[in-house]
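Quick notes on the structure that follows.
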Amino acid sequence: MAYYHIEWKPKPYPCTKAEREAAAKRYNLLPSDYKPFENDGLAPGDYFYVEPYNAVSRSPWEPYDFPRERRDFNDPQQFNAQMYLASGYNPAKLNEILKEQPL
């Protein structure tokens, strides 16, 4: 059974500089490193943007805390990280796949 704590839920999208600084502090980031998603109506609140990566695109020779997912404890993740598992979508290979597609 899963457990969800209300404090883990993202807050509303930060509009002011003070809200951005509070969000950066909440996620243990420097204010200069904090970059929220585009506010297009689908943004996950104040959650910060992380460049998407797939487990396959990371080095298999590193001693990861979670070797199957090729990530370490406290690595920042996308809010939709399950999409980027080794068996899922790989943004690094997208251009190669598109070039191979016949027209």
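The values are calculated or read from the model by the stated rules, or taken from the named source; none is laboratory data. Remember, predicted model here, so these are calculated numbers, not experimental data. Neighbour counts are summed over all protein chains in view; Cβ atoms, including those assigned to glycine, are modelled from backbone coordinates with ideal geometry.
Can you name the residue in the stretch 45-75 that is under 30 Å from Thr16 (Cβ atoms) and more than 11 Å from the chain's Cα centre (by Cα) and, of all such residues, is modelled with the lowest pLDDT?
Asn74
Would you check which residues across the stretch 3-59 are under 17 Å from Ala81 (Cα atoms) and aliphatic (A, V, I, L, M) and list them?
Leu42, Ala43, Val50, Ala55, Val56
Cβ contacts < 6 Å: first residue of a type in the set (Ser, Thr, Tyr), restricted to the stretch 25-38; second residue surrounded by 12 or more Cβ atoms within 10 Å (Cβ to Cβ), any location; separation 6+ or different chain. Result?
Hits for this filter: Tyr27/Phe48; Tyr34/Ala24; Tyr34/Phe48.
Could you list all residues from the stretch 45-65 that are outside any loop (DSSP other than H, G, I, E, B) and within 26 Å of Ala24 (Cβ to Cβ)?
Of everything in the stretch 45-65, just one residue is outside any loop (DSSP other than H, G, I, E, B) and within 26 Å of Ala24 (Cβ to Cβ), namely Phe48.
Residues being part of a loop (DSSP other than H, G, I, E, B) and exposed (fewer than 15 other Cβ atoms within 10 Å of the Cβ): count how many of those fall in the stretch 12-28.
Counting residues in the stretch 12-28 that are part of a loop (DSSP other than H, G, I, E, B) and exposed (fewer than 15 other Cβ atoms within 10 Å of the Cβ) gives 5.
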